[in-house]
1. Taking N as the number of residues in the range 26-102, what is its alpha-carbon radius of gyration divided by 2.2 N^0.38 Å?
2. What is the extension gain from Thr82 to Ala27, computed as 0.36 nm multiplied by their sequence separation minus the C-alpha to C-alpha distance, in nm to one decimal?
3. Which value, in Å², gives the accessible area per residue of the range 31-109 when a 1.4 Å probe is used on the protein heavy atoms?
4. Suppose accessible area is computed on protein heavy atoms with a 1.4 Å probe; arrange Thr91, Thr58 from highest to lowest.
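The values are calculated or read from the model by the stated rules, or taken from the named source; none is laboratory data. Everything quoted here is computed from the prediction, not taken from an experiment. Surface accessibility is based on the protein's heavy atoms, side chains included, excluding ligands, DNA and RNA. Shrake-Rupley method; radii C 1.70, N 1.55, O 1.52, S 1.80 Å.
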Amino acid sequence: MKFIRVASCILSCSGVIFLMEGFASAALLPVNLCCESKASPVGLSEPSPRLSWQEVDTIPGERGQFQTACEIQVASSLQLLTNNQPDLWDTGEMPANQTSQIAYAGSAL
């Protein structure tokens, strides 16, 4: 199966920038990005915060769409992230249909 990069979303979590990209067999968009179940968390003490998102279809009427892989990148600045230089964590493209409770596993925050 060929993976298609369909979306990129950015979430700021206690001064750290997370980029979540979804890969799917059809067009899905990750929305409602959360870190420890909060949309804009500040002052988290959790060393491995859990990330989650929801998916919405971008092709009206298309059925049977689901996430087949994802990539999470984490950087200390938005500039590093936009230049595709995650300095804290990069999962690389990983096969996964999971959209919640994904524990951060990068450098200490």
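1. Taking N as the residue count of the range 26-102, the ratio is 1.22.
2. So the chain would gain 17.6 nm between Thr82 and Ala27.
3. 60 Å²
4. Putting Thr91, Thr58 in descending order of accessible area: Thr58, Thr91.
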